[in-house]
């Protein structure tokens, strides 16, 4: 019985001893795909940015938009005319009548000066907006990949903690059964421990279900089969940073966020469309040249001369109130709509920065509190309870209760680490900077590595 007790005490101290082990020393748990390669966070992001079909579609859309300005700046294609003019209906002879001609003409439409430039300008701004939307989607995709990866990492840690606690409870069941057989314990202690084992199994089922769901979601972002197994590293170098003040982050978000740049470019495109609508009050022109070939001779026996013509025409915008003025009102309303869209986007970005910053600070402080305060106290309590239980100073219920409490705190610790890293990814995206940029540019400063290094984590 005492040997079992020492095994239990060793399990209680296992979080400390395992934390000092190298990553390769830890066995692969059943929830991890042992045959799959380890998916590092940076590799997951790279694969998503390269293979995600949604991002590829946005890039193709931007490439299509980039080809429009050059088209908009070119004059309309000239028109070629081939005419047979003034043919006599009785003979259809080309030489019978002097006015019979075979004509060839070229006509070029000439928009009023400034219209082509405005069309090109509007298309350029729309192309720039499409490019910015690619940047915005890239940020959101990177944020989602990092968030799912860290959630999977938390679920793996939670499953490992659960398995360790199951092993401990099994040892407690053995101790309770031994004490019951020698008349020093109660049968209800054995039943209670078995009940807690069943509860752990129920939690494991829920955790495994969540992991499979998150695994499928991450595979979708990576453009891989939903059922493809994902294995994460046992330890990752993680550092939670002290963020800069919110005002500075808000200013940087307004400067760097691609969403806002896209909205601004859409406004400029709408303004160019409004200027173009005003230009439509001015007429467009058409310039052409015609050559007429005549066959036959004049009455004096001389050959009939060919004809040459120059043509100039223009449209007459006389229904301006029904057409051009209405178009101006339409474009003006569209410009105002885009201005409102920009204002709404700015408010949304500001709200997003404030929200994810608050989430990050809360999760970071919770992880700090759990690591430096609650978990050490909980471990001491468990060790003390086990020692007291061995000499019948506390009952079995309290021993199980404090062990479950430690299990919950360890799980909450890794949940806080996961939420903090997810919030950090969301903050980076909200500010408008990729993780390829230097982290200080967020700006984030004052690294506090001791808060989250996995080597010092409670259950590792």
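Remarks
- If you go through the stretch 77-89 and keep only what is closer than 21 Å to residue 298 by Cβ and either part of a loop (DSSP other than H, G, I, E, B) or touching a residue at least 40 places away in the same chain (Cβ under 8 Å) (or both), you end up with 85, 86, 87, 88.
- Matching option when the condition is assigned by TED's automatic domain parsing to the domain that holds residue 126, surrounded by 11 or more Cβ atoms within 10 Å (Cβ to Cβ) and touching a helix residue (DSSP H, G or I) at 6+ places or on another chain (Cβ under 8 Å), among 48, 56: 48
- Scanning the stretch 319-336 for residues that are over 19 Å from residue 109 (Cβ atoms) and surrounded by fewer than 16 Cβ atoms within 10 Å (Cβ to Cβ) gives 319, 320, 321, 322, 325, 326, 329, 330, 333, 336.
- Which listed residue is in contact with a strand residue (DSSP E or B) (Cβ under 6 Å, 6 or more places away or on another chain) and either surrounded by fewer than 18 Cβ atoms within 10 Å (Cβ to Cβ) or modelled with pLDDT of 90 or more (or both), from 447, 379: 447
- Within the stretch 177-232, the set of residues being touching a residue at least 24 places away in the same chain (Cβ under 8 Å), part of a loop (DSSP other than H, G, I, E, B), more than 19 Å from residue 150 (Cα to Cα) and touching a helix residue (DSSP H, G or I) at 6+ places or on another chain (Cβ under 7 Å) comprises 185, 186.
- Restricting 99, 89 to those that are surrounded by 11 or more Cβ atoms within 10 Å (Cβ to Cβ), farther than 30 Å from residue 154 by Cβ, at pLDDT below 95 and outside the structural domain of residue 219 (by TED's automatic domain parsing) reduces the list to 99.
- Restricting 333, 350, 384 to residues that are in a helix (DSSP H, G or I) and at pLDDT below 90 narrows the list to 384.
- Meets criteria (assigned by TED's automatic domain parsing to the domain that holds residue 168 and modelled with pLDDT under 90) for residue 328: no
- Selected residue [closer than 23 Å to residue 260 by Cβ, out of contact with any strand residue (DSSP E or B) (no Cβ under 7 Å at 6 or more places or on another chain) and modelled with pLDDT of 95 or more] from 128, 60, 67: 128
- Within the stretch 337-354, the residues that satisfy the criterion of being surrounded by fewer than 16 Cβ atoms within 10 Å (Cβ to Cβ) and under 16 Å from residue 427 (Cα atoms) are 347, 348, 351, 354.
- Qualifying residue in the stretch 308-317 (condition: free of Cβ contacts under 8 Å to residues at least 24 places away in the same chain, surrounded by fewer than 11 Cβ atoms within 10 Å (Cβ to Cβ) and in the same structural domain as residue 287 (by TED's automatic domain parsing)): yes
- So residue 368, is it within 27 Å of residue 110 (Cα to Cα) and in contact (Cβ under 8 Å) with a residue 60 or more places away in the chain: no
The values are calculated or read from the model by the stated rules, or taken from the named source; none is laboratory data. In this text, all values refer to a predicted model and were calculated from it rather than measured experimentally. Here the Cβ is made from the backbone with ideal geometry for all residues, glycine too, and neighbour counts use every protein chain on show.
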